[in-house]
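Notes follow the structure.
Coordinate-derived values only; no laboratory data. Nothing here was measured: the structure is a model prediction, and the numbers come from that model. Cβ coordinates were reconstructed from backbone atoms using ideal geometry, including for glycine residues, and neighbour counts include every protein chain displayed.
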Amino acid sequence: MDWISIVLLLFGGIVLIVIEIMFIPGTTIFGILGVALMVFGVIIGFSKFGAQTGTFILVGAIVVGAVATVLGFRSGVWDRFALKDTNTSKFNDEINVEHLLGAEGTTLSALRPYGKAEIYNLTYEVRTLGNYLTPGAKIKVTNIDKEHKIFVEQIKTQ
């Protein structure tokens, strides 16, 4: 009965750790439970069978856990869950913004230095040259670079 308990604890611990690494990384609950089961199995091995057998159980658990983890990574299981697509689009990328040079508008959000502004009743992502602007500030488009970044500055009211 003691061997069966130890094997089940170690196997359950390894399974939980592999689940943590492969399927739900970052949750830590399964990893902590897996390590706890393995430690508990090794402790039982030391207490029931002595230091020599306990050491054999400890080394065996570490080796089997490492082999299971390496085989899991090499088998390609992780590839099914990994994100392979890349988002390369930008906010103003598909919009012709050249006509906005010199246009005036109003900030919709705080510009720190990026934010949103309304120009000609459309919303654009804009940037200041380092100044922070509050929502509702009157702005003017001063520059548009080749990446369609719209640079604005606050209009000084008198």
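Side notes on the structure shown:
- Using only alpha carbons, the chain has a radius of gyration to Kirkwood radius ratio (Rg to Rh) of 1.45.
- Using a Förster distance of 25 Å, the FRET efficiency for residue 129-residue 24 (Cβ separation, nearest 0.05): 0.05
- Computed about its Cα centre, the charge dipole of the chain is approximately 260 debye, with only Lys, Arg, Asp and Glu carrying charge at their Cβ.
- For the chain, the longest piece that avoids every one of the chymotrypsin sites (Phe, Trp or Tyr not before Pro) found in DSSP loops with at most 12 other C-beta atoms within 10 Å covers 1-80.
- Against the empirical curve 2.2 N^0.38 Å, the C-alpha radius of gyration of region 2-80 lands at a ratio of 1.14.
- The gain in end-to-end length when the residue 15 to residue 64 segment is fully stretched comes to 16.6 nm, 0.36 nm per residue minus the alpha carbon separation.
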